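All remarks here apply to the structure that follows.
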Amino acid sequence: MGSTVLYVTVSVDGYAAAPGDDLSRLHRWLDDAGPQGGDDVARELVERFRSAGAIIFGRRTWDAGQEPWGDDDVFSSPVFVVTHESRAPEARNGTLFTYVSGEPSSILVQAKAVAGDAEVVIMGSPHTAQQFLRAGLVDLLLLHIAPVLVGGGIPLFADLPASHELALLSWRRARDVFAVEYAVLPADGR
C-alpha cells in the first residue's frame, strides 16, 4: 500500500488559515508560480496530486475550493470529503467526490481501498489533518511554508495529545515558498 501524506500550506507562525478562513495570503505562491510557470515546486505538487490514488479533505476545504476550482478538472483521483452532512457521492469535472464521516481510520480504509498502491493525500482542512495525526495515521508530512505571519486563524497543529518525532526527508526553496517533507516516526522513535 502507498503512504498516507498530509499536505498543507502553512504560515511561518503555524496557521493553515488566516482569520475568517482567509487562504489568499497563504496560497498566493500558487497564484504567482502556477503550474505552467517556472516553479518546479508548484509543478511537483500538481503532479503529486495527479498521481495520488485518493485524496481526503474536510468540508472547509471543499467549500473554500469551489470558487477557485470552478469548472476546472483539478483532481484526477477520487476525493473523500469529511463532513457530518449526509450526501450522495457526486461526479464533478471528471472527479468522484464521496462524502464520508466517522473515525479517521475507517475513512482511510475507504481511501486506501480505492488508492491501491498509490499515495493517499490528506490536504488542507486543519481539523481533518489534526484528526488523522492524533490517530497516528500519517506517514509523511509535506508542508509548504508561506513567507507570511498571519497572527491568528486556524492553527495547523492544535490539540495534539503527544509529541511526534519527524525525520527530514527533503527541503526545497521556491520563489515564494519553502517546501519541506518529513517522515512521521512511530511513537517509539524508530
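Residues of segment 60-85 that are modelled with pLDDT under 80 and under 18 Å from T128 (Cβ atoms): R60, T61, W62, D63, A64, G65, Q66, W69, V74, F75.
Checked against the criterion of being among the β-branched types (V, I, T) and under 22 Å from V41 (Cβ atoms), the candidates V138, V114 yield just one match: V138. Determine, yes or no, whether D176 is among the charged types (D, E, K, R) and touching a helix residue (DSSP H, G or I) at 6+ places or on another chain (Cβ under 6 Å). When the stated conditions are applied, D176 passes them. Within segment 4-55, being modelled with pLDDT of 85 or more, surrounded by 14 or more Cβ atoms within 10 Å (Cβ to Cβ) and in a loop (DSSP other than H, G, I, E, B) holds for G14, A52, G53.
Filtering segment 149-169 to residues that are open to solvent by 70 Å² or more (accessible area, probe 1.4 Å), modelled with pLDDT of 90 or more and touching a helix residue (DSSP H, G or I) at 6+ places or on another chain (Cβ under 7 Å) leaves nothing. Of all the listed residues (A111, A88), the sole one being farther than 16 Å from F49 by Cα and of a type in the set (A, V, I, L, M) is A88. Residues in segment 103-121: is at least one within 16 Å of the chain's Cα centre (by Cα) and farther than 17 Å from V5 by Cβ? No - not one qualifying residue is present in segment 103-121. Of everything listed in (1) within 19 Å of the chain's Cα centre (by Cα); (2) farther than 19 Å from V120 by Cα, the single unmet condition for L169 is (2).
The values are calculated or read from the model by the stated rules, or taken from the named source; none is laboratory data. Quantities reported herein were computed from a predicted structural model and do not represent experimental measurements. Neighbour counts run over all protein chains shown; Cβ positions are idealised from the backbone, glycine included. Quick note on the areas: whole protein, heavy atoms, side chains included, nothing else; ligands and nucleic acids left out. Shrake-Rupley method; radii C 1.70, N 1.55, O 1.52, S 1.80 Å.
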